Amino acid sequence: MISDHDLERYSRQILVPDFELDGQAALGEAHVIVVGCGGLGVPAAMYLGAAGVGTVTLIDDDRVELSNLPRQPLFRVADIGRLKGDVLREHMLANRPGAQINVVAQRLDSLNAPALLANADVVVDATDNREARLLIDRVTFAAGMPWIMGAATRLSGQIIAFDSARDWGCYHCLVSDPGAQATGKCADLGVVGSAVASVALQQVTDVIKLLTGCGSVLWGECRVFDDATNERFTLRLQKRVGCVNCGSK
C-alpha cells in the first residue's frame, strides 16, 4: 500500500505508462547494490534513492579527494578525507528520510564479494577497473543476478546490461583475456564529469525498467557514445563458446 505522502512524492513517475502504482510498489520492495561511490556511483545512488528504491547498499572504501570534486559534485571541500559512502548516505537520507541506505566501507574482493553481493535484485557497477567488473560478473552469475556495467573516459562512455542467466553472454565473453593487464582508466586518460553522469543515468534507467517493467532492457547490447565526435552506436554482445564464466553452464 502506497501512502498519500508517497503518492504526492512520486506522482510524476507514477503517471508514466506501465510504471504506475505497481511499478512504484516494486521499487519500494527492491534492493539495489551500487559498487563504487565515485563519478558513476554518486548520481546512480542519488537517482535510485530518489526514485523510491526501498534498499540501496553502497560498497566503497575510498575517501573524498580534491580531484574527485569536478565529476562528483555532491561532495564538498569540507568532505575531503571522509568516506564517500558515508557522505553519500547522508545526502540520500536528507532527500528521503527513513530510506534504508547501507554503507559497506570495504573494497570488493574475491573473498568478500559472494557475501556482499548477495540478496539483491540487481547490481550497478560504478567501479573504474576491469578486475572489479570481472569479479562482479562471476559472483552475480553464480547467484543468478543481473548487473549493469558502466564505464567512461574522456568524453565517451559505454553501458551493458547483463541478464541473470547470461543468455546474451557475460562480461568474460567480452574480455577475451581476463588475465591481461587492463589499460585505459580515467586516471590515465582523463574524463569529463558530464560523460560519467550520462553513463550513470542510463544505468539507473535500466534498473528502473528492470524493476518496474515500464520499458524493455537491452540485454547484452553494448551502447557506446563519444561526445567528442557526437557518435552513438550499439554492439551486440556474442556469447563466447568455452567462456570461463558462462560457457560451462
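Structure above, values below:
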read-out	value
Number of the exception - Ile80 against (1) surrounded by fewer than 19 Cβ atoms within 10 Å (Cβ to Cβ); (2) modelled with pLDDT under 95	(2)
Number of the exception - Leu7 against (1) over 25 Å from Ile160 (Cβ atoms); (2) at pLDDT 95 or above	(2)
Single residue of Ala118, Ala132 found to be small (Gly, Ala, Ser), in a loop (DSSP other than H, G, I, E, B) and either within 26 Å of Ser156 (Cβ to Cβ) or touching a residue at least 12 places away in the same chain (Cβ under 8 Å) (or both)	Ala118
Set Ser198, Ser164, Ser194: member being among the hydroxyl-bearing types (Ser, Thr, Tyr), assigned to a helix (DSSP H, G or I), out of contact with any Cys (no Cβ under 8 Å at 6 or more places or on another chain) and modelled with pLDDT of 95 or more	Ser198
Lone unmet requirement of (1) modelled with pLDDT under 95; (2) of a type in the set (Ser, Thr, Tyr); (3) surrounded by 16 or more Cβ atoms within 10 Å (Cβ to Cβ) for Thr183	(3)
Odd one out for Asp188 among (1) charged (D, E, K, R); (2) at pLDDT 75 or above; (3) under 28 Å from Met46 (Cα atoms); (4) surrounded by fewer than 18 Cβ atoms within 10 Å (Cβ to Cβ)	(2)
Answer residue from the stretch 215-243, given it is over 27 Å from Ala197 (Cα atoms) and surrounded by 15 or more Cβ atoms within 10 Å (Cβ to Cβ) and is modelled with the highest pLDDT among those	Cys243
Check on Asp61, touching a strand residue (DSSP E or B) at 6+ places or on another chain (Cβ under 8 Å), part of a loop (DSSP other than H, G, I, E, B), surrounded by fewer than 23 Cβ atoms within 10 Å (Cβ to Cβ) and of a type in the set (Asp, Glu)	yes
Some residue of the stretch 10-26 being surrounded by fewer than 21 Cβ atoms within 10 Å (Cβ to Cβ) and within 19 Å of the chain's Cα centre (by Cα)	yes
From Arg138, Arg71, residue being within 29 Å of Gly220 (Cβ to Cβ), basic (Lys, Arg) and not in a helix (DSSP H, G or I)	Arg71
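The values are calculated or read from the model by the stated rules, or taken from the named source; none is laboratory data. Values in this document were obtained by computation on a predicted structure and should not be read as measured data. Here the Cβ is made from the backbone with ideal geometry for all residues, glycine too, and neighbour counts use every protein chain on show.
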